[in-house]
Amino acid sequence: MASLTPISKTQFLFNKPHLKSSSPCLETFFQSSLVSKRLSFQFKVPISDRMPLKAATVVSATTAEKPKKRYPGEAKGFVEEMRFVAMKLHTREQAKEGEKEVKEKEEEAVRKWEPTIDGYLKFLVDSKLVYDTLEGIVEKAVFPFYAEFRNTGLERSEKLAKDLEWFKEQGYTIPEPSSPGVTYSQILQELSEKDPQAFICHFYNIYFAHSAGGRMIGRKVAEQLLEKKELEFYKWDGDLSQLLQNVRDKLNKVAESWTREEKNHCLEETEKSFKHSGEILRLIL
């Protein structure tokens, strides 16, 4: 409706005979000008709706896909990410990839340790409580994927029970679980019910650390205190490397459904896992 006003005025001029141009060219000019104005009026975009060139450039830049950030070990699977973070928390004496400075007695090289039988028994008792807790959690499976980690061959509770029975037969008194083991057991139970990613971090570090550094500790204690007797705690039924690989595959599979934030949360729990395991390990010394 707004376009009628300029058009009607122009038509009025052409309808006045005395105002008509004697020149065909001039008349053509007026007519072409009329069409041009009509088109420009009908297709004109309000200034407020126009996108400034600078703004368009910014939008184009921000909508461009950013390169995906790669995390150390990510290409090999999430277990490799967990391993990478865990190794950084070792000392150089414990592992060549370690970056942590030696601050606690248990962080020194195993060859420097001076274990005692009483301390070692406390360590075994508290360790059994932790493994009892882990095995009970996966059996109950509050989160369905916990069931994937039943009967992996890495279980230690039954082995520890045999070792403690052997010590009892040798005349040693088996102590009750102490504060480090009781505290860690409670933490694991709580995490398993409310924070599955954090729980999996502890699950991984407890089992895999025992299969590596734990065996070195076992040999050291056996040499110094047990006349080189190898305890059941350090024995596995079947090929240990294959058992570990089977669990790695299951962990990687479970983590495939996690968001990047959930994976990072799991990795951030590593230091707490080391802290609680270290408190139990310290009982040996």
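A short reminder: the numbers here are calculations on the coordinates, not readings from a lab. Note that the coordinates shown come from a computational prediction; the quantities given were computed from them, not determined experimentally. Glycine gets a Cβ as well: all are built from the backbone with ideal geometry, and neighbour counts include every protein chain shown.
Of the peptides 185-195, 68-78, the order by per-residue mean of other Cβ atoms within 10 Å, starting with the highest, comes out as 185-195, 68-78. Summary of packing: across the peptides 159-166, 197-204, the per-residue average of other C-beta atoms within 10 Å ranks them, highest first, as 197-204, 159-166.
Computed from the Cβ-Cβ distance with R0 of 35 Å, the FRET efficiency linking Glu169 to Glu93 stands at 0.45.
Step through the table entries Lys229/Lys250; Lys100/Lys162; Lys88/Lys250; Lys69/Lys103; Lys100/Lys128; Lys168/Lys229, compare each Cα-Cα distance with 26 Å, and write down the pairs that go over it. Distance filter (> 26 Å) returns Lys229/Lys250; Lys100/Lys162; Lys69/Lys103; Lys100/Lys128.
Excluding same-chain neighbours fewer than eight residues apart, the aspartates and glutamates reachable from Lys140 by a Cα-Cα span under 16 Å are Asp132, Glu148, Glu155, Glu190, Glu193, Asp195.
Compute for segment 178-285: radius of gyration divided by Kirkwood radius, i.e. Rg/Rh, restricted to C-alpha atoms, rounded to two decimals. Answer for segment 178-285: 1.02. For Thr91, the residues 5 or more places off, or on other chains, whose built amide H falls under 5 Å of its own are Lys100. Kindly identify segment 122-183 as rounded, prolate or oblate by the Cα gyration tensor criterion: order the square roots of the eigenvalues as a ≥ b ≥ c, call it rounded if a/c is under 1.5, otherwise compare a/b with b/c, prolate if a/b is larger, else oblate. In terms of gyration-tensor shape, oblate.
The length gained on full extension between Glu232 and Gln186, counted as 0.36 nm times the residue separation minus their Cα-Cα distance, comes to 14.0 nm.
DSSP loop trypsin sites (Lys or Arg not before Pro) in segment 232-264 with at most 15 other Cβ atoms within 10 Å of their Cβ, which ones?
Qualifying residues, ordered by number: Lys235.
Measuring between their Cα centroids, segment 225-240 and segment 189-218 lie 20 Å from each other. In sequence order, segment 274-284 has phi-based couplings of 5, 4, 6, 5, x, 5, 6, 4, 5, 5, 5 Hz under the Karplus curve 6.51 cos²θ - 1.76 cosθ + 1.60, θ = phi - 60°, and Gly or Pro positions carry x.
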